[in-house]
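The structure appears below as structure tokens.
Rule-based calculations on the coordinates, nothing more; no lab input. Because the structure is predicted, anything quoted here is derived from the model rather than measured. In this analysis, Cβ positions are derived from the backbone assuming ideal geometry, glycine residues included, and neighbour counts consider all displayed protein chains.
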């Protein structure tokens, strides 16, 4: 269906594709099974949500250097950061905890995302994290992106928060798009 919306200054063509929009759980699972949309998940059934997929924490980094951004990316500096090691509360624990003070951190996911050239993704903070006084911030996951996710975690809670290894921290939602050339940036194939 195509609608033409006119104004005094310009015309805008809005294309509405039948059946397009955010993918649901069954559609996501089908693409995972058929095209390996997500690799390295902890538990597929737990991580699938009605309209998305929960990403888990693989590593957390503390920023330890200045970053720089310019138009051409020729002078871009992205600090790797210092990896924080999770600590086990008891010797019998299989996984440890990160105890994070107020501040900004970089998170790398356990999962590798393999977006085809006709699918984009957006990530959102899980509401559990919001209720603790923390949130994640994300960019658009371009069609054609392959690699581990990285994003910023902001801890605003003045008492800090604890995050256990493999915790579900952000929800990725998927949106179909017309086929495009696909992502070619420096983060493609991030491991």
Note to self: Using Cβ contacts closer than 10 Å as the measure, can you line up 131, 126 from fewest to most?
What the structure shows: 131, 126
Check: When only C-alpha pairs under 8 Å and at least 6 residues apart count, what is the relative contact order of the stretch 22-176, in percent?
Finding: 30
Next item on the list: Mark the label point 7 Å from the Cα of residue 166 along Cα→Cβ and return the residues of the stretch 20-50 whose backbone N is within less than 20 Å of it.
Entry: 38-49
Next item on the list: Go ahead and run the numbers for FRET between residue 130 and residue 178, Cβ-Cβ distance against an R0 of 41 Å, rounding to 0.05.
Entry: 0.80
Next item on the list: Would you work out if the stretch 22-176 is rounded, prolate or oblate? Take a ≥ b ≥ c from the square roots of the eigenvalues of the alpha-carbon gyration tensor; rounded if a/c is under 1.5, else prolate when a/b is larger than b/c, oblate otherwise.
Entry: oblate
Check: Going by a ≥ b ≥ c, the root eigenvalues of the Cα gyration tensor, does the stretch 27-116 fall in the rounded group (a/c under 1.5), the prolate group (a/b larger than b/c) or the oblate group?
Finding: oblate
